[in-house]
Every structure is written in C-alpha cells, then in structure tokens.
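S.K.: One structure is given below, represented as structure tokens, and several questions about it will come after.
Please treat every number below as a calculation from the coordinates, not as lab data. Since this is a predicted model, take the numbers as computed values, not measurements. Ideal geometry is used to build each Cβ from the backbone, glycine not excepted, and the neighbour counts take in all protein chains shown.
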Amino acid sequence: MVEIFIGLEIHIQLMTRSKVFCSCEMISGEEPNTRICPVCMGYPGVLPAVNEQALFLSYLMGSALNCTLAQKTWFDRKNYFYPDMTKNYQISQFSSPVGRGGWMDYLEKGELKRVHIHDIHLEEDAGKMVHQGNFSLLDYNRAGSSLLEIVTEPELTSPEAAEVFLQSFRSLVRCLRACDGNMETGSLRCDANVSVNSLGMGLGTKVEIKNLNSSRFVRKALEYEVRRQSRLMQAGKPVIQETRLWNEQSGKTESMRTKEEAKDYRYFPEPDIPPFVPSEAFLNRVTSSLTELPAARELRYIREYGLTEETAHYLAEERERAEYFEELISSGTEVAAAAAWIKGELAKLQGRYAFSLSDGTLPPQAVTTVVRMTGTEELTVQQAKQVLELMVQRGIVQPEEVIAQEGFKKAEDDGELKEIISKIVAEHLNAAEQIRDGNMKAVGYLMGMVMKETRQSADPRTARRLLLEEIGCKQEE
C-alpha cells in the first residue's frame, strides 16, 4: 500500500489594467512585442513601481484564503536565466509573501474538504515562447504581468481530488474577479508536486510537473506520475527529485531538469522597490470587497433550498449566475422554477446570443413576470420561451411589450380549439389514418400544425387529448 501526497503551485494573472511594475497595458491578443517598455524589458537604469491594484487583489485573495496577511511586505530578486525573462532575474517575493498559513474549503462529491495554503506571493510573469520547427520565437507582451502564486500544502491524496480542487479554485478567483481563470490562454496555470511513499512513512521524494494548462491534464499527469513512482518503488529504484513536463501526445511525463532549491536562485531584497505597509483603509477595502465564495454558496443552496448537488454546483460555480438566481428568488420566482429556467432556457439563449446574465439583457424581474404568467396559465411554456427569445432579439426588457406585439394569449375555449383541430384533421386525412393504424409518429406532425395554428397558445396536453379524440384514438397512458 502506498500514500500519495500532492501539492499545487497555482499561478493566476491578476486582472489589472497595467503590468505589475510598469504602465504597459494588459491587452490580450495584441501583435507580439507591442506591449513592452524599458521597465518590463529590464533595461539598465530603469525604476519599477508597484501596481496598487495588483497588491489589492493579492491581499483580497489572501483574505479569501484565510491567510495571515503581511503587515509589511517587500520584493526579492530571484536570479535565473530563461530566454523569456530578459533581465536574468524575476522580481518576486520570498522572505515576506503577501499571505501565509491559510486554507481553502471545497466540495468533493458533496463532502466539504479543506486544503491548507503554505503561502501566496506576488511576482512578475515571464514572456511567452512560441516553438516553430527547429527554432523558437519570443513574445514579451506578457512579461511583467501581475502574477500571483498560491502554494498549497501537500494534502491532496489523489489525482481526482487535485482536479476537483483546481476547478473549485478557478471558481473562487472568478468569483472574486481577481482572474478570468482561463487556463487555455495561460491566465491560470498550475504546477503539480507529487510524491509517493509506503503507507505511514510520510512524504516521499517530490517531483514537480510543470506548466499544466487544464484541470484534466493535471489529473492525467498525476495519474501517470503516481504509476511511474510506484513502479520505481516496487523495483527498489530511487525516485529522482526533478522537474518534469506532461506530454499529452504520449500520455507520459518527461524529464525537464533537476529541481532547483531556493539557494540556487540566490534571492536578495529588490533594491529598487520599497516595502509596502498596508494602511487601515486599504485593509478595510479588502474586507469590504469579500463576497460569499462558491463552495460556501453551493453548500448553502443544498441545505437551505434543498437543491441537488449537481444543480447547486451549477448555480454557485459562476458568481453572476448565483447572483442572478438569488435575484430571481427575491423578485418572486420559486426556487425550483428559478433553477430550472436558468439551467434550461436561459442557458440556451446565452449560448445562442452570447449575452451575460448581468448585462441587463434579461432583467430578473422580467423573467419572474414571464415565469409567473406560465404559472397562472396566461402563457404556455412555449410562448414564455418565445417571449424571452424575442426580448433578446429585439432588445426589449419589458415582456408585456413583446406579448402585446405578438398578440400572445393562452387559448381558453376548448370549443374553439376543437374547431381548429377538426379543421386540421379534415385537411390531413392521411396522417389521421396512419394514427388510427398505430403510427403515433404522425401525432407529432398534427400537433405541430395545431400549435402553429393557435400560435403556441394551446395547452399541449389538452390539444393532444382533443386531437386523439377527434381521430377516434384513445389517449396513451
């Protein structure tokens, strides 16, 4: 039997307008090497200045992760050479990080779990290498970006747990609006440290897997590495402390370099940046900017509203979705209906028309009105869906305006509906005969004609019953 010890080093690009030590704007998708200046390129004689918003978001993250926040923090130079770091050193934090000793709670299969945080520290990002055949290109637009590194304790005990934790962490940073959480573009990146040892023997030899850009790759790389280290142990061979890379094509980790220690980086205090001492007003602003975090919100939805784990997770995962859900409830929509409409029709419309729940396209009060009208049978469900879609298409925020434009109303007179159905059956005798012969697929065809003729105002169950009666068939059980 073996024990698995996994710790993550998560890097997030903070959502600041400019870089961490210079005024270059942070705009993605620009032409290579067009968002650079002498400061972020490390020209001799330049003087960096700390981005206050980067410090604020760092302290906000530290507070959300229950860390002990630094009453005085400063920066260090981490010396190393990589092609994507022009200065041959990185301005980072080593001896005085923004926060230490926190924790993060997350839900795994409905169970609340906790992982402790070793520290979080602010630093500058490196540039980006683009490999083409036998040569590499360098884009320094990203160099100097505000990068926050969060280091967990090695308390995750399986690759699956690491995947779930990272997904939960992504929801947290998006909830705080500290980072967009996009792993595909590198806004959120992860290095995974893993060691395997015999049961009860404590930590084994740590191996780092570098630059993982999806939670799925984190799980797959860790699964392979656990198997590799376990086989080495069984064969009586040592595990070498090193840095490895994940190769998705081969499904294996590959050796990159031996793992450096802190002494190899020759840290010393950054001489050009004075220490930062947060004021009381600064810390109060941090505290007032905190909000209910996704894991806590998800657990509350399960306990308070009786939602399923899957539905609670879907609603709590994104802040704007959770806030919209609660606004729907506050405006009078029942909990179950609010969850169903957000997961169903609103999600479809968002996918079709690419709007945000928070941008006012479909105000919560308007959706509540439409849902209420289905409950009072002023609208059929199909009509309600049409009203919402037409509101999006036409830029109208009052559902009553669309209802008036379209003349929507729910059919109230069964006699009128019978006349419509009788007319349709008379015009489609072949379809009616097929239904009498047991071909029930033709029912859908005739029902479509009925709903079209009534402009979706007929209650589908009533219409189906009357249609089958008109044809001379029994309603299916």
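S.K.: Search the structure for amide H atoms under 5 Å from the amide H of ARG244, placed 1.01 Å from N in the peptide plane, and list their residues when 5 or more places away or on another chain.
M.R.: Here the answer is GLU208, ILE209, LYS210, MET256, since their amide H atoms fall under 5 Å of that of ARG244.
S.K.: Right, something else. Can you run phi through the Karplus equation (6.51, -1.76, 1.60; θ = phi - 60°) for the stretch 4-17 and list ³J(HN,Hα) in whole Hz, with x for Gly and Pro?
M.R.: 10, 10, 10, x, 10, 10, 9, 10, 10, 7, 6, 7, 9, 6
S.K.: Right, here's the next one. May I ask you to order 45-56, 67-78 by the average number of other C-beta atoms within 10 Å around their residues, highest value first?
M.R.: By packing density, highest mean first, the sequence is 67-78, 45-56.
S.K.: So, one more: Which pairs in the list LYS206/LYS252; LYS343/LYS441; LYS113/LYS348; LYS348/LYS452; LYS109/LYS385 are over 24 Å apart, alpha-carbon to alpha-carbon?
M.R.: LYS343/LYS441; LYS113/LYS348; LYS109/LYS385
S.K.: Contour minus end-to-end for ASP272 and GLU378, with contour as 0.36 nm per residue of separation and end-to-end as the Cα-Cα distance?
M.R.: 31.2 nm
S.K.: What nm distance separates the two modelled labels at GLU419 and ARG352, each placed 7 Å from Cα along Cα→Cβ?
M.R.: My value for the distance between the label points is 3.2 nm.
S.K.: Here's something else I'd like to know. Where does helix 215-234 land angle-wise versus the long Cα axis of the chain, in degrees 0 to 90, nearest 10?
M.R.: So the inclination is approximately 50 degrees.
S.K.: Going by alpha carbons, how many degrees (0 to 90, nearest 10) lie between the helix axis of 52-64 and the longest principal axis of the chain?
M.R.: The angle comes out at about 70 degrees.
S.K.: In vacuum, with every alpha carbon of the chain counted as one equal point scatterer, what does the Debye formula give for log10 I(q)/I(0) at q = 0.05 Å⁻¹? Two decimals, please.
M.R.: The calculated log intensity ratios at q = 0.05 Å⁻¹ are -0.30.
S.K.: Amide H of ASN182 versus every other amide H placed in the peptide plane: which residues, excluding those fewer than 5 positions away on the same chain, fall under 5 Å?
M.R.: Hits under the 5 Å cutoff: SER187, LEU188.
S.K.: Out of all Cα-Cα pairs in the stretch 2-285, roughly what percent, to the nearest whole number, are more than 30 Å apart?
M.R.: Distances greater than 30 Å cover 32 percent of the Cα pairs.
S.K.: Specify which residue in the list LEU138, ALA354, THR380 is farthest towards the positive end of the charge dipole of the chain, using unit charges on the beta carbon of Lys, Arg (+1) and Asp, Glu (-1), about the Cα centre.
M.R.: The Cα lying farthest towards the positive end belongs to LEU138.
S.K.: At a 10 angstrom cut-off on C-beta neighbours, averaged per residue, how do the peptides 337-349, 212-224 rank from highest to lowest?
M.R.: 212-224, 337-349
S.K.: How much length, in nm to one decimal, is gained on full extension between ASP180 and GLU320, taken as 0.36 nm per residue of separation minus their Cα-Cα distance?
M.R.: Length gained between ASP180 and GLU320: 49.1 nm.
S.K.: Starting from the Cα-Cα distance between ILE27 and GLU242, subtract it from 0.36 nm times their residue separation and give me the gain in nm to one decimal.
M.R.: Result for the pair: 73.9 nm of gain on full extension.
S.K.: Along the Cα→Cβ direction, 7 angstrom out, place labels at THR157 and ALA404. What is the inter-label distance in nm?
M.R.: Computed distance between label sites THR157 and ALA404 equals 6.4 nm.
S.K.: Quick one: putting +1 on the C-beta of Lys and Arg, -1 on the C-beta of Asp and Glu, what dipole do you get for the stretch 2-285 around its Cα centre, in Debye to the nearest 20?
M.R.: In debye, rounded to 20, the stretch 2-285 gives about 360.
S.K.: What ³J(HN,Hα) values, in whole Hz, does the Karplus curve 6.51 cos²θ - 1.76 cosθ + 1.60 give for the stretch 309-325 when θ = phi - 60°, with x put for Gly and Pro?
M.R.: Each residue's phi maps through the Karplus curve to give 4, 5, 5, 4, 5, 4, 6, 7, 4, 10, 4, 5, 5, 5, 5, 5, 4 Hz.
S.K.: To test your reading of the geometry: what angle, between 0 and 90 degrees and rounded to tens, separates the Cα axis of helix 460-471 from the longest principal axis of the chain?
M.R.: Relative to the chain, helix 460-471 is tipped by roughly 40 degrees.
S.K.: How big is the charge dipole of the chain about its Cα centre, in debye rounded to the nearest 20, if each Lys and Arg gets +1 on its Cβ and each Asp and Glu gets -1 on its Cβ?
M.R.: 1380
S.K.: Could you please report the charge total around TYR324, scoring K, R as +1 and D, E as -1 over all other residues with beta-carbon less than 14 angstrom from its beta-carbon?
M.R.: Taking every Cβ under 14 Å from that of TYR324, the sum is -4.
S.K.: Still on this structure: For LYS252, which sequence-distant residues (separation of 5 or more, or a different chain) have an amide H within less than 5 Å of its own amide H, given hydrogens modelled in the peptide plane?
M.R.: Close amide H contacts, sequence-distant or interchain: ASN247.
S.K.: Let me ask something else about it. I'd like the Karplus ³J(HN,Hα) series for the stretch 152-164: coefficients 6.51, -1.76, 1.60, θ = phi - 60°, whole numbers in Hz, and an x wherever there's a Gly or Pro.
M.R.: Taking θ as phi minus 60°, the curve returns 8, 6, x, 10, 7, 10, 7, x, 5, 5, 4, 5, 5 Hz for the stretch 152-164.
S.K.: If you count, for each residue, the other Cβ atoms within 10 Å and average over each peptide, how do 358-367, 284-293 line up from highest to lowest?
M.R.: Ranking the peptides 358-367, 284-293 by packing returns 358-367, 284-293.
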